[in-house]
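Here's the structure we're looking at; comments come further down.
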Amino acid sequence: MEQWVQASYTWIAVVASILLGSVFTAWSAIPKRQAYADAPIACVDDPKRPSKGVLQKARESFRTDAIGMLQEGYRQYKGQPWYVPSPLGERLMIPSKYVEELKNAPVDEVDFVATFFEMFEGRYTTMGSRSTLHPRVAKHELNQNMAMILDPVMEEIKDAFDVHLPATDADWTPVHVHDAVVNIVARVSSRMFGGTDLSTNKEWVDATINFALDGFIGAQAIKKYPHFVRPLAAKFIPALTKIKEHHATAQRVIVPILREREKAAKSGWSNSDTGKPPADFLQWMVDAAVGEETEKSFIAQIQLKLSFAAIHTSAAAPAQLLYDLCCLPQYIQELRSEISDARNSSSTGDLDKRALLKLEKLDSLMKETQRFNPLLLITFERIITKNYTLSDGFRIPANTQIGVPTQAISMDPEIYPNPEKFDPLRFYKIKQAMEAEGKLKNNAAAAGKLAFASSNHESMAFGYGRHACPGRWFAGNEIKMIMVYLLENYDFRLPGAKTGLENRPPSLCYETQYLPNPEAVIEFRRRKGN
Ligand code: HEM
């Protein structure tokens, strides 16, 4: 009897939560009341006083057509602040003059982490962190040690390709390219994070991949509930339960490595192969940690969170590049020749940091592919936490979400002539022309601005200011090395050997995220003798 009563209670709880869930799903679709700055709202009937129904429709359209709405708003209101409707309420798009002012504002007034918590429902998914340990280490140690980590990264690329892209030279092998690249990048990034201890540990590598996927799925699921129901609803969302398992894996894998390293450090690293501390992110974090950051369990969870920032972001690029190159195969030989010249210029034939810089055509293609397919349509996203007045008197009310319409800017004909034309050598040609005119003499900044990893007003795919992606130079090198390996060792094509950009697998737009097509198949064949 007691058991029966208990079972009934369980069922009542489940049914009640489903009913509450669906009622509140509709309710939570209504954004909170918002205070507005003096700026027009794009994509509605009246930019100052839109009718309720039209505004609500525009907010919903943002889920699947953010790209069109942001381009329309930018075209109409470029150079001034304007709002784009979104399911969370209207987001304020700001012009470059305000970006310059806001980039140095106090972090508690112009909050970067809050946007992340909001986008990925950090309270439930654990995505995002206010710790500055990993950005600090990425900004300093990762960049300072770049030359040293490229050899192990290249070694890992070779091993990872053998496992995840085992094509033969006899037949074309069809591969779901996005999956393969995510797995390869997860291994390669893990090598930089913690050496072969992490990159060869399948449990860890899988946890880093799935942590991000479950975070994304969990965030979308929990967003359907109003705030007060979320703590209860979270218990019934499988993706959120899995996130706990990924954290447990991180603790299980990383804490023992840190203990071993602590012992080794005490003995002056006398038993290690090199007699020195390992040159990897984990060790740099141990060395840079202060106060509570020194806890091993803290470092383990930060390492997992860093994998979220590093893996799916970087994996998007080779997938998008492969889609473009399959459509425009006439560029493949040109890139192979450039790689061969760069190898010849290096004394060892290896592509070290200096030789990678010589791959200017590849860098140009990477930037052009990113211009058309950036991972995020809006960057420099921040939440203004207090009423904020800019130097020209423009007032932004507290709780406003601001951002820069990065993708729309990248299609501005005044910045990028003929912007709709995909030109793989666009940035290479600009650089060549500037060089010929002597404009690059003693002007490293001008050349740097054209590089894939640069962050400036015209190119903000990596954000801007104090929170601009500190991993972007590593990402640039990693993506280049993966592309070099692919170009040297494989032939690739779309099924049926179709070419032309009209056959390109389309990216998927989900609100501000612009993701490489996850279903597309590319056929690979090992090049003879490789
Ligand atoms: C192509 C690959 C990547 C893209 C497109 C990308 C993009 C971004 C963007 C848009 C931001 C926010 C910047 C802002 O709002 O101003 C960011 C922040 C960040 N990224 Fe990346 N990222 C990539 C790869 C990486 C890698 C490989 C790492 C680590 C090794 C990394 C670590 C970080 C960290 C730690 C932050 C937060 C910075 C802070 O809190 O100040 N990212 N990234």
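Which condition does Phe462 not pass, out of (1) under 26 Å from Arg343 (Cα atoms); (2) within 12 Å of the ligand (Cβ to nearest atom), if it passes all the others?
(1)
Determine if the range 269-277 includes at least one residue that is part of a helix (DSSP H, G or I) and surrounded by 13 or more Cβ atoms within 10 Å (Cβ to Cβ).
No.
Among the residues of the range 121-139, which ones are within 13 Å of the ligand (Cβ to nearest atom) and in contact (Cβ under 8 Å) with a residue 12 or more places away in the chain?
The answer is Met127, Gly128, Ser129, Arg130, Ser131, Leu133, His134, Pro135, Arg136, Val137, Ala138, Lys139.
The conditions are (1) at pLDDT 95 or above; (2) of a type outside the set (Asp, Glu); (3) in contact with a helix residue (DSSP H, G or I) (Cβ under 9 Å, 6 or more places away or on another chain), and Ser270 fails exactly one of them. Which is it?
Status for Ser270: all satisfied but (1).
How many of the residues in the range 492-530 are surrounded by 12 or more Cβ atoms within 10 Å (Cβ to Cβ) and at positive phi?
Of the residues in the range 492-530, 1 are surrounded by 12 or more Cβ atoms within 10 Å (Cβ to Cβ) and at positive phi.
Take the conditions touching a Phe, Trp or Tyr at 6+ places or on another chain (Cβ under 7 Å) and of a type outside the set (A, V, I, L, M) and apply them to Pro226. Does it pass?
yes
Determine the pairs where a residue that is near the ligand (Cβ under 7 Å from one of its atoms), located within the range 465-488, has a partner that is not in a helix (DSSP H, G or I) with Cβ atoms under 6 Å apart, the partner being 6 or more residues away or on another chain.
Gly465/Lys103; Ala468/Ser455; Ala468/Phe462; Cys469/Phe462; Cys469/Gly463; Arg472/Ala453; Arg472/Phe462
Just checking, does the range 137-160 include any residue being touching a Cys at 6+ places or on another chain (Cβ under 9 Å), farther than 23 Å from Leu321 by Cα and modelled with pLDDT of 95 or more?
Yes, there is a match, as at least one residue in the range 137-160 is touching a Cys at 6+ places or on another chain (Cβ under 9 Å), farther than 23 Å from Leu321 by Cα and modelled with pLDDT of 95 or more.
Write out, first by first residue and then by second, each pair whose Cβ atoms fall under 9 Å of each other, whose residues are 6+ apart or on separate chains, and whose first residue, in the range 497-510, is under 24 Å from Asp171 (Cβ atoms) while the second is of a type in the set (Asp, Glu) and surrounded by 13 or more Cβ atoms within 10 Å (Cβ to Cβ).
Ala497/Glu523
Inside the range 118-232, counting only helices (runs of 4 or more DSSP H) that do not spill past its ends, which hold 3 or more residues that are of a type in the set (A, V, I, L, M, F, W, C) and closer than 19 Å to Lys242 by Cβ?
202-222
Tell me, yes or no, whether the range 307-318 has at least one residue that is away from the ligand (no atom under 16 Å from the Cβ), closer than 21 Å to Ser364 by Cβ, surrounded by fewer than 22 Cβ atoms within 10 Å (Cβ to Cβ) and of a type outside the set (A, V, I, L, M).
No, because not a single residue in the range 307-318 is away from the ligand (no atom under 16 Å from the Cβ), closer than 21 Å to Ser364 by Cβ, surrounded by fewer than 22 Cβ atoms within 10 Å (Cβ to Cβ) and of a type outside the set (A, V, I, L, M).
Pairs only if they're at least six apart or on different chains, beta carbon under 7 angstrom, first in the range 368-381 and among the aromatic types (Phe, Trp, Tyr), second more than 6 Å from the ligand (Cβ to nearest atom) and not in a helix (DSSP H, G or I); list them, first residue then second.
Between residues of the range 368-381 that are among the aromatic types (Phe, Trp, Tyr) and residues that are more than 6 Å from the ligand (Cβ to nearest atom) and not in a helix (DSSP H, G or I), the close pairs are Phe372/Phe422; Phe380/Gly403; Phe380/Val404; Phe380/Met460.
I'm trying to understand the selection: among the residues of the range 41-69, which are part of a helix (DSSP H, G or I), within 19 Å of Gln401 (Cα to Cα) and of a type in the set (Val, Ile, Thr)?
Within the range 41-69, just Ile67 meets the criteria.
Can you find, within the range 50-68, the residue that is farthest from Val84 (Cα to Cα) among those that are β-branched (Val, Ile, Thr) and within 21 Å of the chain's Cα centre (by Cα)?
Thr64
Is at least one residue of the range 329-338 surrounded by 14 or more Cβ atoms within 10 Å (Cβ to Cβ), among the aromatic types (Phe, Trp, Tyr) and away from the ligand (no atom under 16 Å from the Cβ)?
yes
Among the residues of the range 59-99, which ones are of a type in the set (Gly, Ala, Ser) and farther than 13 Å from Thr512 by Cα?
Across the range 59-99, the qualifying residues are Gly73, Gly79, Gly89, Ser96.
Within the range 180-203, restricting attention to residues that are over 18 Å from Met285 (Cα atoms) and surrounded by 21 or more Cβ atoms within 10 Å (Cβ to Cβ), which residue is farthest from the ligand (Cβ to nearest atom)?
Among them, the one singled out is Ala180.
A quick yes/no check of all residues on (1) of a type in the set (S, T, N, Q); (2) buried (at least 18 other Cβ atoms within 10 Å of the Cβ):
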residue	(1), (2)
Gly393	no, no
Thr406	yes, yes
Glu414	no, no
Glu420	no, no
Lys429	no, no
Glu435	no, no
Lys441	no, no
Met460	no, yes
Gly465	no, no
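Would it be correct to say that Ala300 is touching a residue at least 40 places away in the same chain (Cβ under 8 Å), hydrophobic (A, V, I, L, M, F, W, C), away from the ligand (no atom under 16 Å from the Cβ) and over 30 Å from Ala520 (Cα atoms)?
yes
Going residue by residue through the range 89-99, is there one that turns out to be within 16 Å of the ligand (Cβ to nearest atom), modelled with pLDDT under 95 and part of a helix (DSSP H, G or I)?
The answer is yes; a qualifying residue exists.
Which one of the conditions (1) more than 23 Å from Ile415 (Cβ to Cβ); (2) touching a residue at least 60 places away in the same chain (Cβ under 8 Å) does Ser340 fail to meet, given that it meets all the rest?
Result: Ser340 fails condition (2) only.
For residues in the range 120-130 being farther than 22 Å from Phe236 by Cβ and surrounded by 18 or more Cβ atoms within 10 Å (Cβ to Cβ), which is modelled with the lowest pLDDT?
Selected residue: Gly128.
So is Ala114 modelled with pLDDT under 95, under 16 Å from Phe380 (Cβ atoms), of a type in the set (Gly, Ala, Ser) and not in a helix (DSSP H, G or I) or not?
Judged against the criteria, Ala114 is not a match.
The values are calculated or read from the model by the stated rules, or taken from the named source; none is laboratory data. Just so it is clear, the structure is predicted and the values come from calculations on it, not from any experiment. Ideal geometry is used to build each Cβ from the backbone, glycine not excepted, and the neighbour counts take in all protein chains shown.
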